[in-house]
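Report on the following structure.
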Amino acid sequence: MSKRRDVPGIRPYDGPAGGWGALKATAQAVRQQMEVVEAPMVLLRTNQPTGFDCPGCAWPDKEHRSTFQFCENGAKAVTWEATSKRVTPAFFAQHTVSELLELSDYELEGFGRLTHPMAYDAGTDKFVPVSWEAAFARIGEVMRGLDSPDQAEFYTSGRASNEAAYLFQLFAREFGTNNFPDCSNMCHEATSVGLPQSIGIGKGTVSLEDFDHTDLILSIGHNPGTNHPRMMGTLHEVARRNVPIIVFNPLRERALERFADPQSIVEMATFTSTNIASTYYQVRAGGDAAALKGIMKALLALDAERGDVLDHAFIAEHTQGFDALAADLAATSWADIEAESGLRRADLEKVAEVYARSNAAMVTYGMGITQHNTGTANVKLIVDLLLLRGNFGKPGAGICPLRGHSNVQGNRTVGITEKPSAEFLDRLEAVFGFQPPRGHGHDAVRTMQAMVEGTARALICLGGNFAVALPDPQRCFAAMKTLALSVHLGTKLNRSHLLVGRETFLLPVLGRTELDVQAGGPQSVTVEDSMSMVHASAGKLKPASSELRSEPAIVAAMAAATLPRSKIDWMELVADYDRIRDLIERTVPGFDDYNARIRVPGGFRMPLPPTERKWNTPTGKAMFSVFPGVRERYEPWPEDVLRLVTIRSHDQYNTTIYGLDDRYRGVFGRRDVLFMNPQDLAAQGLEHGDLVDIETVSPTRSLRLEGITAIEYSIARGSVAAYYPEANVLVPLDYIDKESGTPSYKSIPVRIRRARSQRASA
Ligand SMILES: Nc1nc2c(c(=O)[nH]1)N[C@H]1C(S)=C(S)[C@@H](COP(=O)(O)OP(=O)(O)OC[C@H]3O[C@@H](n4cnc5c(=O)[nH]c(N)nc54)[C@H](O)[C@@H]3O)O[C@H]1N2
Ligand SMILES: Nc1nc2c(c(=O)[nH]1)N[C@H]1C(S)=C(S)[C@@H](COP(=O)(O)OP(=O)(O)OC[C@H]3O[C@@H](n4cnc5c(=O)[nH]c(N)nc54)[C@H](O)[C@@H]3O)O[C@H]1N2
Ligand SMILES: [Mo]
């Protein structure tokens, strides 16, 4: 092969993930954002019994008791929030909103923490300071002036605490709508919709202890070295027990290959590392259903030979729908499975063999499974695989969705959903005495569609970067500007804040790391992690500005201003968050003795019936389901169409970009790249480093991203990858999983063409 040309910022990364590189990156993050004296103290308080919950990810800690767990990306999340940089009224006086909109979210957030409540002034095109009271009064006035409560949309980004989220849903429901777009609608909605159908609850079933007992992990479509870094410690332990970890991922992700645990004195001292994946299958993007069906088909064949491969007793006692699944697998051809998954029959048979030998297996998965047209069906297939060998309700077994935001699961538990159950609404009615709306409301995509159509008039965002996170910014950005009112509770400036409507308010909040003092004294909030553990989190840092208010306090004040005849004494609730938790206890099952139990270090676990082999489905059984065919789309794609997946870099938290490197993938100082398989490059007559244009194959919209540098990467053939959110310009807004509404961010049909001008490539 000829020598690869040099491309600026692209250098292979040969080391393991973790190790000294991670320590160095942490030191750098601290230096750039914080005063160094304060930093070690803050980091030491992360995920400690008396400290705050890490805003980085939703991976649990061993009872929140262990000594400080080193985590590079957790440190970035904490230092990013605890930065000493500030965005003050003086800053806003210097820049018009139009000017600021020219900047990227990376630059905007880089200016630091918001310090004062601000209101948009159309006359000067600037944000100007406003008093909290004036802001609340005006928000209330506009809200009351809407023609219908359903013209208002209440967005939640899953960082909000249980207390803030509960008050937010209470506000919206007393106001009269179930419009709850949330980040989960773009993330694990397929889990929230699929798992209840299969096992009766929309949550993962494994606990941290299960990792000590498992003897097989299938890791599908998630990148823990970057997105759930504390999981690496767990996987490292499992790998060192010689438990097979079989990875399915179109991209080679370094942390899934080799990891040096910064906690391991030996590995750090000797520069060694541990292999994580025992086998790494580079499945084609969107080929997981085919692969899972192949494994199950092989498993059934083994059972036909040996008779004891399936857990027949479990299937008979606990499940329904096995025969239909078996018939469908028999009817699915190996040719289709191989073509769609890009994997060989012999390999999938090997996985089935290993699975057949295991006593307790688990599947861990993330966005590679959910952000597809068939996201919900994919999730249900994973359950099928586990049910075949009774992998629920025994130590070491179960399903483990890697959640997104640190409290996205808790938000759902306390009522952030556009499809509330009748029982929950009945309890709200009984406890509060108002009649909550009964009809289903809008999810995230539906909200944006309503904004595009002009039927949504007001948007209140409890955190997040709504328009940048969603697909098709061209449409979404324009729609935001047609609103009568937008209100953003945030810590840092982002582009959604700047897409101002007729009136827009920016309300700066206390972050997780900061001390929250209310009339009743210092407060803690509570969060629920990926494994359904609920525990307290109390910030300790001095707030970024004396003007900041807590999220519960702001939500309560907006509610009080909007609902003058409210049945709820909002401000009294905020004086002491125990009062909010008492109300949660009275209206949401599983929170008995809430206030007492969060005062025990480590907190408590929410009920998870499948761990006791109890199934809250309509039949009372766990349900097998059938995935029709092997494709995400029911017709094959034309030959020259590639499947684009959008991914996160190592220096990024969703739309928050900490830096421009993606160390483990060998990308430095840039994000404008397209990862391609060398054979796909060659097939298109392209070379490593060529500039390309990407165009979405869409009958309805012309969506393009121009001037991207194509680079060689170890990625499955037919799949290409680019960074989110830059690549969101290529995602059609209506390209969703119809069952869950989740955008198909990981299966966009695209064509790649050499860019007309090759100027910037060398
Ligand atoms: N540091 C950091 N932590 C985070 C976040 C962050 O941005 N930064 N985001 C948080 C949030 S909200 C979430 S939802 C999670 C996201 O965590 P992940 O689920 O890990 O998210 P992604 O990086 O989007 O993609 C995961 C992996 O899926 C693979 N993949 C893509 N398409 C396919 C496919 O079709 N099949 C398979 N098998 N794999 C595929 C990609 O190659 C990538 O390795 O992380 C949370 N934690
Ligand atoms: N193409 C593509 N698009 C995607 C995805 C993808 O994989 N590919 N992933 C999707 C997923 S999984 C998700 S979850 C969404 C994320 O969507 P969002 O949750 O809306 O986005 P974030 O980038 O996490 O939000 C960042 C902003 O949150 C605010 N913030 C930070 N901390 C706090 C806090 O403590 N309180 C408050 N009130 N505000 C705070 C800051 O102002 C910051 O600018 O994006 C989705 N979009
Ligand atoms: Mo997410």
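The values are calculated or read from the model by the stated rules, or taken from the named source; none is laboratory data. As the structure is a prediction and not an experimental result, all values here were calculated from the model. For neighbour counting, all protein chains shown are included, and Cβ atoms are generated from backbone atoms with ideal geometry for every residue, glycine included. Note: accessible area is taken over every heavy atom of the protein model, side chains too, but ligands, DNA and RNA are not part of it. Shrake-Rupley method; radii C 1.70, N 1.55, O 1.52, S 1.80 Å.
Go through segment 543-562 and give me each residue that's within 27 Å of the chain's Cα centre (by Cα) and of a type in the set (S, T, N, Q). Lay out the reasoning, then the answer.
Here is the first cut: in segment 543-562, the ones within 27 Å of the chain's Cα centre (by Cα) are 543-544, 548-556.
550 - this is the single residue of segment 543-562 that is within 27 Å of the chain's Cα centre (by Cα) and of a type in the set (S, T, N, Q).
Consider residue 214 carefully, then state whether it is touching a Leu at 6+ places or on another chain (Cβ under 9 Å), more than 9 Å from ligand 1 (Cβ to nearest atom), farther than 21 Å from residue 283 by Cα and at pLDDT 95 or above.
No.
Scan segment 459-470 and give yes if some residue there is away from ligand 1 (no atom under 15 Å from the Cβ), more than 26 Å from residue 565 (Cα to Cα) and in contact with a strand residue (DSSP E or B) (Cβ under 7 Å, 6 or more places away or on another chain), otherwise no.
Among the residues of segment 459-470, not one is away from ligand 1 (no atom under 15 Å from the Cβ), more than 26 Å from residue 565 (Cα to Cα) and in contact with a strand residue (DSSP E or B) (Cβ under 7 Å, 6 or more places away or on another chain), which makes the answer no.
Based on this model, can you work out whether residue 671 counts as open to solvent by 10 Å² or more (accessible area, probe 1.4 Å), touching a strand residue (DSSP E or B) at 6+ places or on another chain (Cβ under 8 Å) and part of a strand (DSSP E or B)?
no
Yes/no per residue for (1) away from ligand 1 (no atom under 16 Å from the Cβ); (2) touching an Asp or Glu at 6+ places or on another chain (Cβ under 9 Å); (3) within 30 Å of residue 241 (Cα to Cα):
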residue: 395; (1), (2), (3): yes, yes, yes
residue: 399; (1), (2), (3): no, no, yes
residue: 404; (1), (2), (3): no, no, yes
residue: 407; (1), (2), (3): no, yes, no
residue: 411; (1), (2), (3): no, yes, no
residue: 419; (1), (2), (3): yes, yes, no
residue: 424; (1), (2), (3): yes, no, no
residue: 437; (1), (2), (3): yes, yes, no
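Hey, could you check segment 243-266 for residues that are at pLDDT below 95 and more than 12 Å from residue 17 (Cα to Cα) and say which is farthest from ligand 2 (Cβ to nearest atom)?
266
Look at residue 720 and say whether it is away from ligand 3 (no atom under 16 Å from the Cβ), buried (at least 22 other Cβ atoms within 10 Å of the Cβ) and among the aliphatic types (A, V, I, L, M).
Values: away from ligand 3 (no atom under 16 Å from the Cβ): yes; buried (at least 22 other Cβ atoms within 10 Å of the Cβ): yes; among the aliphatic types (A, V, I, L, M): yes.
Yes; evaluated as a whole, the condition is true for this residue.
Among (1) more than 16 Å from ligand 3 (Cβ to nearest atom); (2) open to solvent by 20 Å² or more (accessible area, probe 1.4 Å); (3) in contact (Cβ under 8 Å) with a residue 12 or more places away in the chain; (4) in contact with a helix residue (DSSP H, G or I) (Cβ under 9 Å, 6 or more places away or on another chain), which single condition is residue 171 missing?
(2)
Pairs, please: C-beta under 6 Å, at least 6 apart or cross-chain, first residue hydroxyl-bearing (Ser, Thr, Tyr) and in segment 603-620, second in a loop (DSSP other than H, G, I, E, B) and open to solvent by less than 50 Å² (accessible area, probe 1.4 Å)?
The qualifying pairs are 611/205; 611/393; 617/200.
Taking segment 684-716, which residues are within 16 Å of ligand 2 (Cβ to nearest atom), open to solvent by less than 20 Å² (accessible area, probe 1.4 Å) and outside any strand (DSSP E or B)?
703
Only one of these conditions is not met by residue 508: (1) touching a Ser or Thr at 6+ places or on another chain (Cβ under 7 Å); (2) within 16 Å of ligand 3 (Cβ to nearest atom); (3) not polar (S, T, N, Q). Which number is it?
Of everything listed in (1) touching a Ser or Thr at 6+ places or on another chain (Cβ under 7 Å); (2) within 16 Å of ligand 3 (Cβ to nearest atom); (3) not polar (S, T, N, Q), residue 508 misses just condition (2).
Residues that are outside any helix (DSSP H, G or I), away from ligand 3 (no atom under 16 Å from the Cβ) and modelled with pLDDT of 95 or more: does segment 184-202 have at least one?
Pass one, segment 184-202, residues outside any helix (DSSP H, G or I): 187-188, 200-202.
Now restrict to residues that are away from ligand 3 (no atom under 16 Å from the Cβ): 200-201.
Applying the additional criterion that residues be modelled with pLDDT of 95 or more yields 200-201.
Looking for residues that are outside any helix (DSSP H, G or I), away from ligand 3 (no atom under 16 Å from the Cβ) and modelled with pLDDT of 95 or more, one finds at least one in segment 184-202, hence yes.
Only helices (runs of 4 or more DSSP H) wholly contained in segment 548-647 count here; list those with 3 or more residues that are out of contact with any Lys or Arg (no Cβ under 9 Å at 6 or more places or on another chain). Give the steps one after another, and end with the answer.
Details: elements: 551-562, 570-575, 577-587, 594-597.
Counting at least 3 such residues, we get 551-562, 570-575, 577-587.
Let me confirm something: among 99, 141, 133, 163, which residue is within 29 Å of the chain's Cα centre (by Cα) and not in a loop (DSSP other than H, G, I, E, B)?
Result of the check over 99, 141, 133, 163: 163.
Looking at 166, 120, 155 in this structure, which one is surrounded by 24 or more Cβ atoms within 10 Å (Cβ to Cβ) and away from ligand 1 (no atom under 16 Å from the Cβ)?
It is 166.
So, residue 354, is that one away from ligand 3 (no atom under 16 Å from the Cβ) and on the phi < 0 side of the Ramachandran plot or not?
yes
Go through (1) surrounded by fewer than 22 Cβ atoms within 10 Å (Cβ to Cβ); (2) of a type in the set (A, V, I, L, M); (3) in contact with a strand residue (DSSP E or B) (Cβ under 7 Å, 6 or more places away or on another chain) and name the single condition residue 327 misses.
(3)
How many residues are part of a loop (DSSP other than H, G, I, E, B) and touching a residue at least 60 places away in the same chain (Cβ under 8 Å) if we restrict to segment 339-390? Please lay out each step first, then the result.
Step one: of segment 339-390, the residues part of a loop (DSSP other than H, G, I, E, B) are 342-344, 358-360, 366, 371-374, 389-390.
Next, only the ones that are touching a residue at least 60 places away in the same chain (Cβ under 8 Å) stay: 342-343, 358-360, 366, 371-374, 389-390.
Residues in segment 339-390 being part of a loop (DSSP other than H, G, I, E, B) and touching a residue at least 60 places away in the same chain (Cβ under 8 Å): 12 in total.
Counting only residues that are open to solvent by 30 Å² or more (accessible area, probe 1.4 Å) and in a loop (DSSP other than H, G, I, E, B), which one in segment 77-93 is modelled with the highest pLDDT?
This residue is 88.
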